[in-house]
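In what follows, a single structure is set out as structure tokens and then discussed.
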Amino acid sequence: MGRSQEFDTTAVVAAALDVFWARGYEGASLGDLESATGLSRSSLYNSFTNKRGLFDAAVQMYLEHVIRPRLRSLTKNPGSDAVDDYLSSLAHAIGTMTADSPRRGCLLLNTAAGLGAHDDAVAAVIRAYRQELAVAIRSGLQAAFPNETDAALEDRTRILLSCTVSALVLARVDTEEAIATLESAHRLNAEWQSRNM
């Protein structure tokens with residue numbers, strides 16, 4: 001009989017998530033992952049098959065516990081101020097992140113230029129993530145502008161999504177500019193609302 005698992009999988013994946021978030025997939029060594037999780041290489045391999053299996057588990061945790069809760073205000077019965085609330089909460093999260101936090105920026109966007117550029121499965125996850133963000137933002141815009149044309153909603157969605165992605169990338173290196181980008185998006189949304197009155 002095999003040995004029973006003697007560790008908390010959720011805690012292990014959460015620890016690995018911070019390593020991948022801080023260093024990216026390619027920058028996270030097995031030694032880093034062993035140190036962070038407290039598991040030996042053989043235990044990691046037995047539980048997750050390989051580094052990629054652990055990364056995939058970390059991505060799922062990131063989507064379920066970081067991304068989707070933040071998007072909920074846009075997707076679950078959004079009010080007319082849902083987009084403003086989303087942009088403000090994202091700016092607040094970026095602004096309160098300490099410089100030494102491993103959770104600066106976005107795990108998936110941080111991964112996009114590295115692993116995502118040459119791994120079809122990761123690229124598909126990143127494209128699906130972008131689509132999920134777009135659908136959520138459009139849902140919030142639809143609540144704010146119920147009589148707007150589909151073409152206008154699509155354009156506004158793309159603009160706000162671009163601002164969001166830019167801010168999340170900038171958050172790794174320039175917190176002030178990341179917040180300024182979100183504030184510009186907020187002002188643009190307010191201008192659209194004033195035209196709609």
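In table form, for the structure just shown:
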item: Of all residues making up region 143-174, the number that are polar (S, T, N, Q) and surrounded by fewer than 19 Cβ atoms within 10 Å (Cβ to Cβ); result: 4
item: Region 155-179: number of residues that are touching a residue at least 24 places away in the same chain (Cβ under 8 Å) and not in a helix (DSSP H, G or I); result: 2
item: Residue that is surrounded by the most Cβ atoms within 10 Å (Cβ to Cβ), among those in region 106-141 that are of a type outside the set (A, V, I, L, M), within 26 Å of ASP155 (Cβ to Cβ) and in contact (Cβ under 8 Å) with a residue 60 or more places away in the chain; result: GLY140
item: Flag for ALA93 being surrounded by 20 or more Cβ atoms within 10 Å (Cβ to Cβ), in a helix (DSSP H, G or I), of a type in the set (Gly, Ala, Ser) and free of Cβ contacts under 8 Å to residues at least 60 places away in the same chain; result: no
item: Residue match in region 78-89 (condition: out of contact with any strand residue (DSSP E or B) (no Cβ under 9 Å at 6 or more places or on another chain), open to solvent by 20 Å² or more (accessible area, probe 1.4 Å), assigned to a helix (DSSP H, G or I) and without any contact (Cβ under 8 Å) to a residue 24 or more places away in the chain); result: yes
item: Top-ranked residue of region 96-131 - restricted to ones that are charged (D, E, K, R) and part of a helix (DSSP H, G or I), ranked as modelled with the lowest pLDDT; result: ASP120
item: Sole exception among (1) open to solvent by less than 40 Å² (accessible area, probe 1.4 Å); (2) outside any helix (DSSP H, G or I); (3) closer than 24 Å to PHE145 by Cβ; (4) free of Cβ contacts under 8 Å to residues at least 60 places away in the same chain for LEU39, by number; result: (3)
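The values are calculated or read from the model by the stated rules, or taken from the named source; none is laboratory data. What you see is a predicted model; the values in this text were computed from it and never measured. Glycine also receives a Cβ, built like all others from the backbone with ideal geometry; neighbour counts cover every protein chain displayed. Accessible surface is based on the protein model in full, side chains and every heavy atom, while ligands, DNA and RNA are left aside. Shrake-Rupley method; radii C 1.70, N 1.55, O 1.52, S 1.80 Å.
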